[in-house]
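Trainee: Please see the structure below; I have some questions.
A short reminder: the numbers here are calculations on the coordinates, not readings from a lab. Please read all numbers here as calculations on a predicted model, not as lab measurements. A quick note on method: Cβ atoms are made from the backbone with ideal geometry, for glycine too, and the neighbour counts reach across all protein chains shown.
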Amino acid sequence: MNAYITAAGAYLPGDPVGNDEIAARLGGVDERGDRLRRRILAANGIAERHYALDAQGRTTELNEELAAAALRAVLEDRGALPRDLDMLATATTQGDLLVPGFASMVHGRLGGGPMQLLSAAGVCASSLAALDAAVAKVRLGDRRRAAVVGSELSSRWLRASRFHGGGDADAHFLRWMLSDGAGAVLVEAEPRPDRPSLRVDWVRTVSLAHEHAVVMRAGMGEGPDPAAGRTWQDMGSAAAAEQAGMMLLRQDTSALGALAEAGLREFESLTKEGLIDLKRLDHVLCHYSTNAFRDIVFERLAETGASIDTGRWFSNLETRGNTGAASIFIALEECWRTGRFEPGQTVLLAVPESGRFQFGFAHLTCVDAERSVSAAAPVATYSPAPEPVTAPEPPAESVFARLDEVWQDFEERLAAVPVMARLEEGTATMEDYRRLLFNLRQQVADGARWISRAASNFSVDLFDLRSAAIGHAEEEHRDFMLLERNYAACGGSLEDIRAGEKNIGSEALSAYMFHTASQPDPIGLLGAMFIIEGLGTGKAAGWAARFKKLLDLRDDQVSFLAYHGEADDDHFAKLQAILASPRVDAPAADAIVKTAKIVARLYALQLEELDNV
């Protein structure tokens, strides 16, 4: 089951505050503090931000109120109400109260009915940790509609009244960096029907705290790490802790270069795993505290020869400020509201967190609303006009009968393939399974490419088939990454499988598919889809279950086959609807059946060659 971001919302309190107004709003800037302010603002690039403070520096709203306002915005965007939620995941650096959890307070403020709650604590990356939890529950089918909100009210930490002794440079650094705001998204199991949605392909968070001391901190005394007797709760009173400077929010600025380097290494590890393809990445939304961080990223990528077009990079740091856990959702909301994402495009969310070196990444794909509508009612989309009683039998019916004969012959060939015979007999080995994945990978990697080529060769008269092909290519073009992860989980080498060559059958199949896809109006490729999607819906799930039981495999080792056993049911249903349409006249039917026969033979040859490698 997939999970989709179907709405986005944001809330920024008060009017924008410019650089020349910050000192007056926060107060208490001496000559030294003003020098620090000018230097820090010149480096971070922030021109405007928002505070939940009035002109006298008094708090105007609670953090829970900021979060609730962003949630109301996201629900309004979706046309939903708080009672429609069955999960709420929140992220913040610090709520308004020490107890209870922030999610409980936001739920109480927002209202609605009973729902599951999650309070993700941390700093900036807590937003993607909350998103990860919501996506997991929706994919599991345990929750239907989950809201995720990141919210920060850091200005209360930045007022002059907290800087009794003037504070050190680390404390002043964050004073001119942080501001207030909230951003939220809605996660559902289906894309919304009225506009594009963002499919969540994956979310990853990783901590490197085992390698790094505390960088961004509050509540501890001097030293790189907290120790018994030297935290704010050990001081006898909160007043004593504040007097000792423990309640200042500090940032070890000397660690920021190392943070950027560590973030790039994590990014590179995701590319090596096949989760990120920089050449096919359309948008990068990165949270960072200063433009200096962005410049380091651009410089390091250029040094590795993997430079990124700056036009694909989006940040609203300059106009929205650094709102910590809320920043990535506030940026996403602006892109969502302004229509920056188009169907088929990919989006990477990246959040480095300096607290103790934590990183969050999420990969999204924009999917078109029209596809979800057609998937819901394929018969209505493609059903032919009623024929007179005296009309001959529709060609589409003969197509199904002829394709059924092709399929029966294909099944007989598959049963005779050595690796399939061993699987059926219960004698298949782990090496058989790895070899199957290794050889399938080369063909699967080409799949989205020949589908895209076919789409480009459909004329305006077959515009609906072109749209269907584009949608299908968008769904399929990362399948080989899932296959690679299965191969690695079974002890295979990613380097080996990525460098692997096609076997004789794969070469023949790939060459035929690209040749056919290059022809004008290649409607015969529907026959290829019949064979390939038929394998998914009719065979893949059974193969997955058989290999899993026989070799005692985990879910993450058979997820490629298992996924296609589910996803291809929908694809096959759409294909059947197209085959039943008036578009499939007699010449088209002949082309489809001929292509199905060739693809079935070449696919079987591909599997036969597993034992000849």
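Trainee: Could you state the per residue volume, in Å³, of the convex hull enclosing the Cα atoms of region 178-272? Intermediate results must be reported in sequence, preceding the final value.
Mentor: Values: hull volume 18.9 nm³, N = 95.
Hull volume normalised by residue count: 199 Å³.
Trainee: Of H107, N44, T90, which is farthest along the charge dipole of region 1-120 in the positive direction, counting Lys and Arg as +1 and Asp and Glu as -1 at C-beta?
Mentor: Selected residue: N44.
Trainee: Moving to a separate point now. To the nearest 0.05, how large is the calculated FRET efficiency for E242 and E501 if R₀ is 51 Å and r is the Cβ-Cβ distance?
Mentor: 0.15
Trainee: Counting other Cβ atoms within 10 Å, which trypsin sites (Lys or Arg not before Pro) in region 59-88 have at most 11 and lie in a DSSP loop? Can you show the working numbers first?
Mentor: Working: sites: R72, R78, R83; in loops: none.
Passing both the DSSP loop test and the Cβ count: no residue.
Trainee: Just to verify a number: FRET efficiency for A586 and S456, C-beta to C-beta distance, R0 = 30 Å, to 0.05?
Mentor: 0.70
Trainee: Hey, got a sec? Which GluC sites (Glu not before Pro) in region 477-524 land in a DSSP loop and have at most 10 other Cβ atoms within 10 Å?
Mentor: Answer by residue number: E501.
Trainee: For a quick check: sort C490, C124, C286 by the number of other beta carbons within 10 angstrom, fewest at the front.
Mentor: Working: C490 19, C124 29, C286 22.
The order, fewest Cβ neighbours first, is C490, C286, C124.
Trainee: What FRET efficiency comes out for R35 versus R337 if R0 is 45 angstrom and r is the Cβ-Cβ distance? Round to the nearest 0.05.
Mentor: With a Förster radius of 45 Å, E is 0.75.
Trainee: Oh, and also: Stretch L264-L208 to full length: gain in nm at 0.36 nm per residue minus the Cα-Cα span?
Mentor: Length gained, L264 through L208: 18.9 nm.
Trainee: Still on this model: If packing is taken as the average count of other Cβ atoms within 10 Å, what order do 340-353, 242-255 fall into, highest mean first?
Mentor: Sorting 340-353, 242-255 by mean packing, highest first, produces 340-353, 242-255.
Trainee: So, one more: Let me make sure I get this right: for region 43-179, a, b and c are the square roots of the gyration tensor eigenvalues over alpha carbons, sorted descending. Under 1.5 in a/c it's rounded, otherwise prolate if a/b > b/c, else oblate. Which is it?
Mentor: prolate
Trainee: Here's a follow-up. Decide, for region 63-142, between rounded, prolate and oblate: order the square roots of the alpha carbon gyration tensor eigenvalues as a ≥ b ≥ c, take rounded if a/c falls under 1.5, and otherwise choose prolate if a/b is larger than b/c, else oblate. Don't skip to the answer; put the middle values down first.
Mentor: Values: a/c = 1.57, a/b = 1.14, b/c = 1.37.
It is oblate, given that a/c is not under 1.5 and a/b is not larger than b/c.
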